[in-house]
Amino acid sequence: MKASRDDVRKCVIESLRRVLGKSDVPQIDENTIPIRDFGLESEDGVDYACALSESVHYIIPHNVNPFVDDSGHRARNVGEIVDLVCGLLKDQEVKE
């Protein structure tokens, strides 16, 4: 998927709403931290990665949890998830 950062952000937020199972979720912005703000857990990142993969038409690698930055041992915010996905998509374009 060749997409702008804004396109990816929309997919990230739409996928988060699907995982939450609610359309009336309070505003989600780049500073929203899904684990903290919605009570999600690291394990929920698996379901989220599947939903996100569908949205961006790219399979998120199994060793990547969008909700958690393993190198920093902390939860990611939406902006960091967007950057992560943009990076994965860019890597895919380079390989093609």
Over the stretch 35-58, the set of residues buried (at least 17 other Cβ atoms within 10 Å of the Cβ) and among the β-branched types (Val, Ile, Thr) is ILE35, VAL56
Residue list for the stretch 15-34, filter: closer than 22 Å to ARG5 by Cβ and assigned to a helix (DSSP H, G or I): SER15, LEU16, ARG17, ARG18, VAL19, PRO34
With respect to GLY45, determine if the residue is out of contact with any strand residue (DSSP E or B) (no Cβ under 7 Å at 6 or more places or on another chain) and not acidic (Asp, Glu). no
Could you run through the stretch 16-34 and say how many residues are over 12 Å from ILE81 (Cα atoms) and surrounded by 12 or more Cβ atoms within 10 Å (Cβ to Cβ)? 6
How many residues are in a helix (DSSP H, G or I) and either modelled with pLDDT under 95 or touching an Asp or Glu at 6+ places or on another chain (Cβ under 6 Å) (or both) when one looks only at the stretch 71-86? 2
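The values are calculated or read from the model by the stated rules, or taken from the named source; none is laboratory data. These figures come from a predicted structure and were not determined experimentally. Neighbour counts run over all protein chains shown; Cβ positions are idealised from the backbone, glycine included.
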